[in-house]
Each structure stands twice: as structure tokens, then as C-alpha cells.
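Structure first, then comments.
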Amino acid sequence: MGIRLLILGANGQLGHSLSQHAKPALGETLNELVCWGKDKVDFTKPDQIVSALKDVRPDVVINAAAYTQVEKAEDEPDIAHQINAKSVGVLAEQAKKQDVVLVHYSTDYVFDGTLGRPYVETDPLAPVNAYGQSKAEGENYLLQIGGNWVCFRTGWVYAQRGHNFAKPCLKPPVPATNCIL
Ligand SMILES: NC(=O)c1ccc[n+]([C@@H]2O[C@H](COP(=O)([O-])OP(=O)(O)OC[C@H]3O[C@@H](n4cnc5c(N)ncnc54)[C@H](OP(=O)(O)O)[C@@H]3O)[C@@H](O)[C@H]2O)c1
């Protein structure tokens, strides 16, 4: 009997990649794979998160949904906070209630980078912007609520789908004609 896996935020860079690779990677270990994007589970509507877990009854839920627009978050910190923090709390609560393993993703933006040595997991959080603040608060919900979770702090996610730093680097250079130097 394999696991039931639910992926939320399944249309983003990470969520889409995980959705594509789950079956080949897990093989017979995977019994059922459910991949839902924002259209099905909107993190600004936390009741949809609760319903999703109740409906699918997964063994493992991967949260690839996030508000990732770093600059825009300065103008709409409440939405960033709802998606990256409050709703992560709702997800963690429901996962704990149903004994579901929660896999969550955070960011190096929870640190300010001034420590002067490589960071370890337990270093104090010191976000310097609204996005980092919202992700740090999401982490804090996980710590406070407990349950069975793992959180990856990543930096520079890139994939074939979506916007990332790698894509412009791969474009052919624009010929330097008609320019005044
Ligand atoms: N990208 C990076 O360089 C980077 C670096 C460090 C950490 N991370 C973290 O890694 C994780 C994955 O990032 P990513 O690069 O895959 O991000 P992404 O491509 O922006 O994907 C995020 C997904 O979340 C969805 N989403 C946005 N608002 C939502 C809402 N209200 N309800 C449900 N889903 C919503 C987006 O849908 P729409 O596109 O339809 O809005 C998108 O499909 C995130 O936790 C992020 O914070 C990313």
C-alpha cells in the first residue's frame, strides 16, 4: 500500500516540477497523486486548505504555494502574510489533526546575511523585507503548532516553467549595434 501525496501550489516552478517527477521518482511507493493549484486551493481562502486535506486524506502534503513577488510584497504585506504565514498555520494545524506529514518551503530571505559565517538552522531569524517577514512568520507557525513537518529553506529556485534568474542568462546576447558608447 503506497502513499497518497497532495501537492498544493502545483502550477508554480517547484510545484509543477514536483508534480512531474513524483511518479517517476516514487514508483510503486506512490499510491495516489493529487496536484492542485490556486484555482482549486486558494491560500487567501484558508477553508479551502482544510477541505482539501479532508477530501484527499493524504499521507503527505507538499506546500509549494507561496506569495513569491519579493518587491510587490512591500506594497501588499497583508496578502503576503496571509499566503505565506497565516495559511501555512492553517495547513499545519489541519495536517497535525489528520496526522499528515507536511513538507514546506521557506527562503534565505528569513536572514539578513550579516552573521559573518554560514548559517545553521537554529540561527535567529532576521528578515529585512516584507516577503522575508511573511516567510519567517510561516516558519514560526510550524514551530508553534508542531506535528510532523519538514521545512526546506531554499535560495534561487529555477525551473523550465515560470520566472527565474536563469532564463535571461540563457537568452542569446543582443548584438551591440546602433548603440552610442
Ligand atoms: N523562486 C525562488 O527563487 C525562491 C527562492 C527561495 C525560496 N523560494 C520558495 O520556494 C517555494 C517555491 O517557489 P517557486 O519558485 O516555485 O514559486 P512560484 O513559481 O512563484 O510558485 C508559487 C505558486 O504559488 C501559487 N500561489 C500564489 N498565490 C497563491 C494563493 N493565494 N493560493 C494558492 N497558491 C498561490 C502561484 O500561483 P500563480 O502563479 O497562479 O499566482 C504559484 O503557482 C516558495 O515557498 C518560495 O517562497 C523560492
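Answer yes or no: is there a residue in the range 22-30 that is within 14 Å of the ligand (Cβ to nearest atom) and either surrounded by fewer than 17 Cβ atoms within 10 Å (Cβ to Cβ) or farther than 18 Å from His163 by Cβ (or both). Quick ask: steps written out before the conclusion?
Taking the range 22-30 as the starting set, the residues that turn out to be within 14 Å of the ligand (Cβ to nearest atom) are none.
No: the range 22-30 contains no residue that is within 14 Å of the ligand (Cβ to nearest atom) and either surrounded by fewer than 17 Cβ atoms within 10 Å (Cβ to Cβ) or farther than 18 Å from His163 by Cβ (or both).
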Can you pull out the residues in the range 22-74 that are of a type in the set (A, V, I, L, M, F, W, C) and part of a strand (DSSP E or B)? Leu30, Leu33, Val34, Cys35, Trp36, Val60, Val61, Ile62
I'd like to check something: does the range 85-104 contain any residue that is part of a helix (DSSP H, G or I), in contact (Cβ under 8 Å) with a residue 60 or more places away in the chain and either more than 14 Å from the ligand (Cβ to nearest atom) or surrounded by 17 or more Cβ atoms within 10 Å (Cβ to Cβ) (or both)? yes
Consider the range 49-96. How many of its residues are within 16 Å of Ala10 (Cα to Cα) and out of contact with any Phe, Trp or Tyr (no Cβ under 9 Å at 6 or more places or on another chain)? 4
How many residues of the range 129-169 are at pLDDT 95 or above, assigned to a loop (DSSP other than H, G, I, E, B) and in contact with a helix residue (DSSP H, G or I) (Cβ under 6 Å, 6 or more places away or on another chain)? The answer is 1
Would you check if Pro172 is within 16 Å of the ligand (Cβ to nearest atom) and outside any helix (DSSP H, G or I)? no
Taking Gly113 and the conditions (1) more than 18 Å from Leu143 (Cβ to Cβ); (2) assigned to a helix (DSSP H, G or I); (3) without any contact (Cβ under 8 Å) to a residue 60 or more places away in the chain, which numbered condition does it fall short on, given that it satisfies the others? (2)
Any residue at all in the range 108-128 that's at pLDDT 95 or above, among the hydroxyl-bearing types (Ser, Thr, Tyr) and within 25 Å of Gln13 (Cα to Cα)? yes
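The values are calculated or read from the model by the stated rules, or taken from the named source; none is laboratory data. Values in this document were obtained by computation on a predicted structure and should not be read as measured data. For neighbour counting, all protein chains shown are included, and Cβ atoms are generated from backbone atoms with ideal geometry for every residue, glycine included.
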